[in-house]
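Okay, so here's the structure we're looking at.
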Amino acid sequence: MPQTSLMMTLQFSSSGTPVNVQAKHFLIPGLGRYDHKYSPKLPSKFPKASIFNSHQIPNPILHQPPVNQSVAAIVFGDGSESRLYPLTKRRSEGAIPIASNYRLIDAVVSNCINSNINKIYALTQFNSTSLNSHLSRAYSGAGLGNEGFVEVIAAYQSLEDQGWFQGTADAIRRCLWVLEEYPVAEFLVLPGHHLYKMDYQKVIESHRNRKSDITIVASNGITKRDQDPGVGVLKINTENQVMQYSLKSNKEPVNYAVAETLTRCNDSSYSYIPSMGIYLINRATMVNLLNNHFPKAMDFGTEVIRGALSLGMKVEAYLFEGYWEDMRSIEAFYQANMECIKKLNTGYNFCDRDSPVYTIPRNLPPTVVNDAMITDSVIGDGCILN
């Protein structure tokens, strides 16, 4: 018998307090509040506690809807070919601890919360028990508002789809019946194991002002991670329009410094930059590409993005100037941990008051230090150092 999907939903009342935290539902295909194919107007299982006043003035019609109403985030918490083994022996990439108190996925979810995106779907599959538990316990009202949620969609099998998720595009396609519950205008697709701080509202503003079908966030800098194979490479023109999407080969790694030099010498109208794997895509465009144009596509970047370019869609690049580490190796993970303790602000800042990082409270006692001198370190709660 096909296994059913595991959905963990966090719903909040108008006061911001959790109504039902870590509620687990086993949804049978053909039943449940999300299955629009069989029951298009099923009532929500969790009624929202809202109070309306007949004397209230209706909200004015805005030219652009607020971000928290018009954008939903899709976060991938794991991958089948992780390079962080043995850290991923029993947990997915997004659940790997970092900086004593956090998990990798906390950085991405916190970016969403700080960017006023409060509809967050986490798609998980490989070694996802730890990640699913962390997400369901950590985000029970951390700035999500009265309609915000973090919802885990675990991989499932049904009568129509006997296999597990075969890639990012396949996972999104098979979860569209859940993702389309709210009338959002755009979907923000995010890897869940990258470390960076970004205001997604700036990406959304650029996307809408340029009237793009798809916006790809790219790292505008040359660092040592550019030598890692498997990174998407964008060829863009002077207006940041994406002309070509390619994948760096394992056999022939691209040196961006050389590529940029050759570009300037031969043709100054194009440049090559690494994709961060972050995509902002219009809702209608997403559905059309996945269901109509490329119904068999498995990977979102190499197949769907390339397909959109071949169809002549408007694909733009948003250049990100800040710190970014995609955790593609044990060395990268180690360096990210070491950089966050340095006095120079070259790495990821976990102590930024303007852009806080949220995680699960552990309720541990304070750390005790006896007869020890500690330098350049991060110490979590509940430690005893002698």
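The values are calculated or read from the model by the stated rules, or taken from the named source; none is laboratory data. Because the structure is a prediction, the values reported are computed rather than measured. Every residue, glycine as well, gets a Cβ built from its backbone with ideal geometry; the counts of neighbours run over all protein chains shown. Just the protein is used for accessible areas: all its heavy atoms, side chains included, with ligands, DNA and RNA removed. Shrake-Rupley method; radii C 1.70, N 1.55, O 1.52, S 1.80 Å.
Things to note:
- Of LYS197/LYS342; LYS235/LYS314; LYS89/LYS235; LYS202/LYS235; LYS197/LYS314, those spanning more than 24 Å from alpha-carbon to alpha-carbon: LYS89/LYS235; LYS197/LYS314
- Mean-position separation - Cα centroids, the range 165-215 and the range 270-291, in angstrom: 8 Å
- The peptide list 370-382, 297-309, put in order of mean Cβ contacts within 10 Å with the highest first, becomes 297-309, 370-382.
- Karplus-derived 3J(HN,Hα), 6.51/-1.76/1.60, for each residue of the range 240-247, Hz, glycine and proline x: 6, 8, 6, 9, 7, 10, 9, 10
- With θ taken as phi - 60° and the Karplus curve 6.51 cos²θ - 1.76 cosθ + 1.60 applied, the whole-hertz 3J(HN,Hα) list for the range 95-103 is 8, 5, x, 8, 6, 6, 10, 10, 10 Hz, x standing for glycine and proline.
- 3J(HN,Hα) along the range 296-310, derived from phi through the Karplus expression 6.51 cos²θ - 1.76 cosθ + 1.60 where θ = phi - 60°, amounts to 9, 5, 9, 9, 6, x, 6, 10, 6, 5, 4, x, 4, 5, 5 Hz, with x in place of Gly and Pro.
- 15 Å beta-carbon shell around ASP354, net charge (K/R +1, D/E -1): +1
- In this structure TYR245 has an accessible area near 20 Å², from a 1.4 Å probe over the protein heavy atoms.
- Summing charges over neighbours of VAL108, with a neighbour being any other residue whose Cβ is under 14 Å away from its Cβ, gives -4 when K and R count +1 and D and E count -1.
- Peptides 175-186, 84-95 ordered by average Cβ neighbours within 10 Å, highest first: 84-95, 175-186
- Near ALA122, the amide H atoms lying under 5 Å from its own belong to VAL75, GLU151, VAL152, ILE153; only residues 5 or more places off or on other chains count, and H is placed 1.01 Å from N.
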